[in-house]
């Protein structure tokens with residue numbers, strides 16, 4: 001039974017949803033508006049036909065329900081990105097379900113939560129993987145607590161899996177100056193190759209590579225660039241969309257999405273040295289996409305990774321780091337030069353402090369320059 005109760009206190013009106021939980025007795029949640037209260041009451045009632053059967057809810061049922069609703073947009077939010085859903089599904093099937101899937105959610109107290117935490121660390125392939133799996137589990141329980149009212153509080157609240165020691169820098173893999181020099185040289189050789197098919201392929205790949213190196217944009221953002229995103233003289237580029245990876249054969253239109261966050265939507269300057277290559281490319285085709293495939297649509301990440309990036313690093317005879325290392329290289333160059341706020345804006349980070357935390361360890365001068373940059377970042381003026 002679910003009951004909507006109108007409350008009045010100090011001239012203000014509020015509403016409460018009261019329902020009877022088989023395990024915990026009568027529960028109550030308050031809302032500032034009637035509409036919010038009615039929506040929550042409706043979710044509790046519908047839950048009686050789906051997630052809240054006569055038998056107790058298992059952890060596996062809760063996580064599956066979270067994944068299903070997140071695909072469509074959970075609790076009025078936008079649908080989660082496909083890449084995020086794939087990652088959550090992987091951590092659920094590989095770690096969460098084998099460790100804790102058959103447990104009832106109301107059985108887990110703080111002590112059992114600690115045991116689950118240790119079991120996840122033991123089962124996962126790395127502490128990073130364990131941390132991501134554990135965070136997904138925490139998210140599901142927070143949803144069960146705040147939105148579904150299945151349990152009064154989360155036993156995992158304020159718990160986390162530490163992935164590195166205090167003071168230990170984040171491990172970011174970046175090609176050395178010598179390696180980058182060899183990458184640039186190998187790329188130009190492919191662009192000017194005597195082989196016609198290679199030269200034609202790199203007519204598109206070379207300006208793409210230069211743009212990635214010269215702006216620090218993500219490969220997903222680069223693949224999503226359209227003609228209209230450039231300023232008239234190709235001096236500035238607006239980043240507003242990205243292309244998701246092809247997980248599960250999704251139709252192409254569904255893979256064109258907004259950038260990952262508000263700070264990711266930005267305008268970045270395009271180096272003058274890249275402009276001639278972009279002009280030649282844009283004059284050679286009529287697609288709305290700047291880097292189209294043979295059919296005029298956007299290119300797939302896997303195709304670019306295999307045919308452009310993997311071939312390039314093999315030709316250059318350098319370490320096979322991911323294509324995202326180009327973004328790290330761009331960031332490291334700006335940070336070493338002292339342009340922290342510029343790096344933050346161009347990379348689309350939410351704060352300069354986050355950028356400095358990510359790349360500050362690259363500045364090795366005894367801490368003097370790093371302190372100067374930190375003061376600059378934290379200055380209110």
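The values are calculated or read from the model by the stated rules, or taken from the named source; none is laboratory data. Just so you know, these numbers come straight off a predicted model, no measurement behind them. Ideal geometry is used to build each Cβ from the backbone, glycine not excepted, and the neighbour counts take in all protein chains shown.
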From the options 36, 26, 45, residue that is part of a helix (DSSP H, G or I), surrounded by fewer than 18 Cβ atoms within 10 Å (Cβ to Cβ) and either in the same structural domain as residue 105 (by TED's automatic domain parsing) or at pLDDT below 75 (or both): 45
Residue within region 53-71 that is surrounded by fewer than 17 Cβ atoms within 10 Å (Cβ to Cβ), on the phi > 0 side of the Ramachandran plot and either outside the structural domain of residue 134 (by TED's automatic domain parsing) or part of a loop (DSSP other than H, G, I, E, B) (or both) present: no
Residue list for region 314-331, filter: over 15 Å from residue 186 (Cβ atoms) and either surrounded by fewer than 19 Cβ atoms within 10 Å (Cβ to Cβ) or modelled with pLDDT of 95 or more (or both): 322, 324
Positions within region 108-132 being touching a helix residue (DSSP H, G or I) at 6+ places or on another chain (Cβ under 9 Å) and without any contact (Cβ under 8 Å) to a residue 12 or more places away in the chain, in sequence order: 122, 125
Residue 359 modelled with pLDDT of 80 or more, farther than 20 Å from residue 265 by Cα and not in a loop (DSSP other than H, G, I, E, B): no
Helices (runs of 4 or more DSSP H) within region 209-306 that include 3 or more residues in contact with a helix residue (DSSP H, G or I) (Cβ under 9 Å, 6 or more places away or on another chain): 219-223, 275-284
Residue within region 334-348 that is surrounded by 20 or more Cβ atoms within 10 Å (Cβ to Cβ), modelled with pLDDT under 95 and not in a helix (DSSP H, G or I) present: yes
Residue selected from region 120-139 under the condition more than 18 Å from the chain's Cα centre (by Cα) and assigned to a helix (DSSP H, G or I), by the criterion modelled with the lowest pLDDT: 127
Count of region 91-119 residues which are in a helix (DSSP H, G or I) and exposed (fewer than 15 other Cβ atoms within 10 Å of the Cβ): 9
